[in-house]
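Q: Would you mind keeping the following structure in view while I ask a few things?
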Amino acid sequence: MSPTAPSLGKDLVGLEDLSPEQIRTILDTAEPFKEISERRIKKVPVLRGKTIVNLFMEPSTRTRISFEFAEKRLSADTVNIATSGSSVQKGETLVDTARNLEAMKIDMVVIRHWASGAAAFLAQRIPSNVINAGDGSHEHPTQALLDFLTIRDHLGRIEGLNVCVVGDILHSRVARSNIFGLLKLGAQVGVCGPRTLLPSEIESLGVKVFQRVEEAIAWADVLNVLRLQLERMKGGYVPSLREYNRVYGISTRRLQEASGDRLILHPGPMNRGVEIDSDVADGPHSVILKQVTNGVAVRMAVLYLLAGGAPERAEAAKQGEVA
Amino acid sequence: MERIILIRGGRVVDPSQGVDDTVDLLLAEGKVARLAQGIDAPEGAEVVDAAGSIVTPGLMDVHVHLREPGGEHKETIASGARAAAAGGFTTICAMPNTDPVIDSPATVGFVAAAGREAGAARVYPLGALSIGQEGERLTEIGELVEAGAVGITDDGNPVMDSGLMRLALDYAQAFEIPVADHCEDLGLSHGGVMNEGVVSARLGLKGKPNASEDVHTVRDLLLAELTGGRIHLQHVSTWYGVQAIRRAKARGVRVTAEATPHHLLLTEDAVDGYRTDAKMNPPLRTNRDVEAVQEGFLDGTLDVLATDHAPHHYDEKEQAFDDAPFGIVGLETALGLVHTHFVRTGKLELSTLVERMSRAPAEAFGLPGGTLEPGAPADVTVFDPQEEWVVDPTEFLSLSRNTPFTGERLTGRPQVTIVGGRVVWRRG
Amino acid sequence: MSDAQRVTIMDQAAVDRALDRMAREIVERNGGTEGLALLGIQRRGKELAERIQAEIQEAEGASVPTGSLDITLYRDDLATVGPRPIVGESRLPLSGIDDHAVVIVDDVLYTGRTTRAAMDEILDWGRPSRIHLCVLVDRGGREVPIQPDVVGRKVEVLGNQRVDVLVPELDGRLAVELVTPAQEVS
């Protein structure tokens, strides 16, 4: 009787696999979930009795906590598994870990992994729902979705906007999910960063490339500023953090030199004084904390929608496991 | 004892003699005895009815990883030699990147002996170019050759030190063996797991740019020119590499080069979906590269077809893409793939294919065979050019199943493989 | 759907009269408008609650705090796999609901499961002094022990029939219709 939302399928591996309608469904579904976090009892019984494993094979605090809040506010039972072993020192293989979890009768796995493709790998092999919480340099779909929700909250739309992702695009899953999703929603997407941190052929994804951050700022309605991992300096991609800040840092001065206002997003954690100056991060156009709040709502929406599942795909994964 | 075998009624294709005719082939005492029409079967001869089939000099694959010693769960010398025979190959060259590395006369001798014992395809070892394949000091190349090595290579580990490569090219000349090299500048490719380009940008995988191979290819050609040594460039995958080799050959540089079935047929798109059976090194590249490799293969710039047969246990490939090892098996699909996609489509004369798979590799590595002239080793491949089949890795004789060609429909399949006048394999 | 037979059982005037009476009953049961709060269940209960609020305003001159409640996340049939119902907005009255006499307003009372879900949700929100249940149509067929306090119309309905309440905001008119599936006609 009640109207139903279009299915997301069994898993959320990346925004590249979703239709614009599916992305909008997640954003629309996130709206009513915002209010739950304002209640006295911040909990609804929708995932009561469901068991969710948060499988974090790479260190992460924010994303894991955000997922955990979302899961708990939907009354799911959660188990956290954190291993930070690198590919060389790990013991059990990913597929063994997954099958062991399955054997304990779980319903969903939220996976963070150092390797690109790890979430898809898992999704193809277990019947539980799999949610990608970041796989290598591939995708981080819930982060991008919370970025979109925040943009929509503040600017009322996404279609037609110019959104520029600034920083280490080469290693960034946030960048890829933003690019795939924003293009589907009708935004123009730019990327800006040192050429050493832009993938070859990045233009093939349909983005505009800015060599200079001043041009990117002038063009953009929204700047999504990425964290510069300190390893990138050791890897020789940028000569020094100081130089990075001088050439690519988002500062009040640079923002003032461009006409008009622009929204400032950052997926966190921030390196103040490197990719973003403190007065920008704490300034009037920064929506960084709104992103954090929206992160919980978006993840609740994803969990709720995926719980509906896609029985035939779960069945296929089960068959695959036996084969 | 080798028996007398009469292969009757087949279309014999032997480019070494310019033969392409329906004739009978008599093998005796482990050698080719006669090639003529209407040979009567001598008493006690085993008769192979080859009507409708193609009969060629035994096919050779000069680039095979047999994994023994040290990786016997992936392949053994015996299983690899049997898989080769099942793929129509009578001769294979084993790469030395095993554990331990084949860098001493004793280990070379071990591989050669285990190959003979297998009693399938002939196995010729390549020795390591540097001790432990560490790229620092030359191996005792003279002794390796004496023990049976037919070439030297650090395949798997590119020779990064140009000075060492020059020494190898100079020193090896005395023994009349080629130096084989896997061209890859590690400074440019470090950490890469696939081709650097459109697909790697989308999948978030680290790429190896064409330049990482090209820089090294050009260096090796220059050093071969400088020294006058023989360089054999393995698994060429880039358009520029093909051009550079073509130009070097025109200048008279002594270079031979490989085309693999996968670099002839697949692009980086095969990696989509993080398919680890499409993870190989050098990586699958773009359409432009595939077209150039095909062109080089057709015009003879890439004179040798080689598989780079690289078996891996299934659970090693059943991993995240970054973690899975490079390489695919190739021995049991190579003939069918190339026959289907090049000969059947009319792009390549059958005799040229046979040339690329028999006489050219024989000449590149100084191997016996590659011809059906009387007195040559009785190594013969018989295959049915009409048989249609579907690649099913569970049927492989190789211990490994890692192929991106699963389910591929092919036309042309080996029937009988004869080594030294003995049928070592026959389709059941 | 097009072949289904629809019969109007309450027209606009009938619904208006019923809502007017229900508004008076609510105020009467509560002994005035003091401490009263209306919560309309999404969808259509919300619109009916707003109408009742307007009736009370007109009759009593008092503005009763009114909110809306989406009970989707409290449904007892979500454990099954299948498409997810769209989640609507829940909006608490500005005054909150603690120590208020909360009136749940719904369009049709059938199995009682929606009311159960609504009470659970309300109790997660706060602690009302009491909860009333007010429905426009009671069609019988309860599956849990829940009874309404205020009813617009009781109707006898066959198991396969459906009662649709139509509101102008969503349906363009105010009415109650009885829907009989096509195969049962004739």
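The values are calculated or read from the model by the stated rules, or taken from the named source; none is laboratory data. Keep in mind that this is a model prediction, so the values were computed, not measured. Virtual Cβ from ideal backbone geometry, glycine too; neighbours counted across all protein chains shown.
Q: Can you go through B:Thr301, B:Thr286 and tell me which one is in contact (Cβ under 8 Å) with a residue 12 or more places away in the chain, more than 17 Å from B:Gln234 (Cβ to Cβ) and of a type in the set (S, T, N, Q)? Steps first, answer last, please.
A: Values: B:Thr301 fails: more than 17 Å from B:Gln234 (Cβ to Cβ).
Matching residue, one of B:Thr301, B:Thr286: B:Thr286.
Q: Taking the options A:Glu38, A:Glu58, A:Glu92, A:Glu16, name whichever one is of a type outside the set (Val, Ile, Thr) and away from chain B (no Cβ under 14 Å).
A: A:Glu38
Q: Condition first: touching an Asp or Glu at 6+ places or on another chain (Cβ under 8 Å) and over 30 Å from A:His154 (Cα atoms). Can you find one or more residues in region A:15-31 that meet it?
A: Here is the first cut: in region A:15-31, the ones touching an Asp or Glu at 6+ places or on another chain (Cβ under 8 Å) are A:15-16, A:31.
The next check asks that each one be over 30 Å from A:His154 (Cα atoms); those that pass are none.
No - not one qualifying residue is present in region A:15-31.
Q: Would you please name the residue that is farthest from C:Arg127 (Cα to Cα), looking only at residues in region A:32-60 that are without any contact (Cβ under 8 Å) to a residue 24 or more places away in the chain and surrounded by fewer than 18 Cβ atoms within 10 Å (Cβ to Cβ)?
A: Of all residues in region A:32-60, those without any contact (Cβ under 8 Å) to a residue 24 or more places away in the chain come to A:32, A:35, A:38-41.
Subset that is surrounded by fewer than 18 Cβ atoms within 10 Å (Cβ to Cβ): A:35, A:38-41.
Details: A:Glu35: 18, A:Glu38: 16, A:Arg39: 13, A:Arg40: 10, A:Ile41: 11 Å.
Applying the filter and picking the extreme gives A:Glu35.
Q: Restricting to region A:250-292, name every residue that is charged (D, E, K, R), over 22 Å from the mean Cα position of the chain (by Cα) and assigned to a helix (DSSP H, G or I).
A: Answer for region A:250-292, where residues must be charged (D, E, K, R), over 22 Å from the mean Cα position of the chain (by Cα) and assigned to a helix (DSSP H, G or I): A:Arg253, A:Arg254, A:Glu257, A:Asp279.
Q: Just need a number here: residues in region A:262-276 that are within 17 Å of A:Tyr244 (Cβ to Cβ), β-branched (Val, Ile, Thr) and in contact with a helix residue (DSSP H, G or I) (Cβ under 7 Å, 6 or more places away or on another chain).
A: Total meeting the criteria: 1.
Q: With respect to A:Leu305, determine if the residue is assigned to a helix (DSSP H, G or I), surrounded by 19 or more Cβ atoms within 10 Å (Cβ to Cβ) and more than 14 Å from the chain's Cα centre (by Cα). Can you show your working first?
A: Working: assigned to a helix (DSSP H, G or I): yes; surrounded by 19 or more Cβ atoms within 10 Å (Cβ to Cβ): yes; more than 14 Å from the chain's Cα centre (by Cα): yes.
Yes: the conditions hold for A:Leu305.
Q: Let me ask something else. Out of the residues in region A:59-77 that are assigned to a loop (DSSP other than H, G, I, E, B) and in contact with a strand residue (DSSP E or B) (Cβ under 7 Å, 6 or more places away or on another chain), which is modelled with the highest pLDDT?
A: Of region A:59-77, the ones assigned to a loop (DSSP other than H, G, I, E, B) are A:59-61, A:74-76.
Imposing the further condition that a residue be in contact with a strand residue (DSSP E or B) (Cβ under 7 Å, 6 or more places away or on another chain) reduces the set to A:60, A:76.
Working: A:Ser60: 87, A:Ala76: 95.
Once the filter is applied, the top-ranked residue is A:Ala76.
Q: Pull out all pairs, ordered by first then second residue, where Cβ-Cβ is under 8 Å, the residues are six or more apart or on different chains, the first lies in region A:213-235 and is closer than 27 Å to A:Gln188 by Cβ, and the second is among the aromatic types (Phe, Trp, Tyr).
A: A:Val213/A:Tyr248; A:Ala216/A:Phe210; A:Trp219/A:Phe210; A:Leu228/A:Tyr244
Q: Considering only region B:221-238, how many residues are among the hydrophobic types (A, V, I, L, M, F, W, C) and under 20 Å from the mean Cα position of the chain (by Cα)?
A: Applying the first criterion (among the hydrophobic types (A, V, I, L, M, F, W, C)) to region B:221-238 yields B:221-224, B:226, B:231, B:233, B:236.
This time we only want the ones that are under 20 Å from the mean Cα position of the chain (by Cα), so: B:231, B:233, B:236.
Residues meeting the conditions: 3.
Q: Take the residues in region C:119-131 that are hydrophobic (A, V, I, L, M, F, W, C) and at pLDDT below 95, then tell me which one is surrounded by the fewest Cβ atoms within 10 Å (Cβ to Cβ). So that I can check it myself, show each step before the final result.
A: The first filter runs over region C:119-131 and keeps only residues hydrophobic (A, V, I, L, M, F, W, C), leaving C:119, C:122-123, C:125, C:131.
If we keep only those that are at pLDDT below 95 too, we end up with C:122-123, C:125.
Numbers: C:Ile122: 21, C:Leu123: 13, C:Trp125: 20.
Here the residue is C:Leu123.
Q: Filter region C:41-99 down to residues that are part of a loop (DSSP other than H, G, I, E, B) and either within 14 Å of chain A (Cβ to nearest Cβ) or free of Cβ contacts under 8 Å to residues at least 12 places away in the same chain (or both), then give me how many there are. Lay out the reasoning, then the answer.
A: Let us first name the residues in region C:41-99 that are part of a loop (DSSP other than H, G, I, E, B), namely C:42-44, C:61-65, C:70-71, C:75-84, C:86-90, C:92-99.
In the following step, the residues that additionally are either within 14 Å of chain A (Cβ to nearest Cβ) or free of Cβ contacts under 8 Å to residues at least 12 places away in the same chain (or both) were identified as C:42-44, C:61, C:63, C:70-71, C:75-84, C:86-90, C:92-94, C:96-99.
Number satisfying all stated conditions: 29.
Q: Hey, another quick one. Within region A:226-253, which residues are loosely packed, with under 13 Cβ neighbours inside 10 Å and of a type in the set (A, V, I, L, M)?
A: Across region A:226-253, the qualifying residue is only A:Leu230.
The rows are residues; the columns are (1) hydroxyl-bearing (Ser, Thr, Tyr); (2) surrounded by fewer than 20 Cβ atoms within 10 Å (Cβ to Cβ); (3) modelled with pLDDT of 95 or more; (4) closer than 29 Å to B:Gly420 by Cβ.
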residue: B:Ala86; (1), (2), (3), (4): no, no, yes, yes
residue: B:Gly119; (1), (2), (3), (4): no, yes, yes, yes
residue: B:Leu126; (1), (2), (3), (4): no, no, yes, yes
residue: B:Leu138; (1), (2), (3), (4): no, yes, yes, no
residue: B:Glu146; (1), (2), (3), (4): no, yes, yes, yes
residue: B:Gly151; (1), (2), (3), (4): no, no, yes, yes
residue: B:Asp154; (1), (2), (3), (4): no, no, yes, no
residue: B:Asn157; (1), (2), (3), (4): no, yes, no, no
residue: B:Met160; (1), (2), (3), (4): no, yes, yes, no
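Q: Next question. From the list B:Val218, B:Val236, pick out the single residue that is aliphatic (A, V, I, L, M), away from chain A (no Cβ under 14 Å), in contact with a helix residue (DSSP H, G or I) (Cβ under 8 Å, 6 or more places away or on another chain) and without any contact (Cβ under 8 Å) to a residue 40 or more places away in the chain. So that I can check it myself, show each step before the final result.
A: On the way: B:Val236 fails: without any contact (Cβ under 8 Å) to a residue 40 or more places away in the chain.
Checking each option against the conditions leaves just B:Val218.
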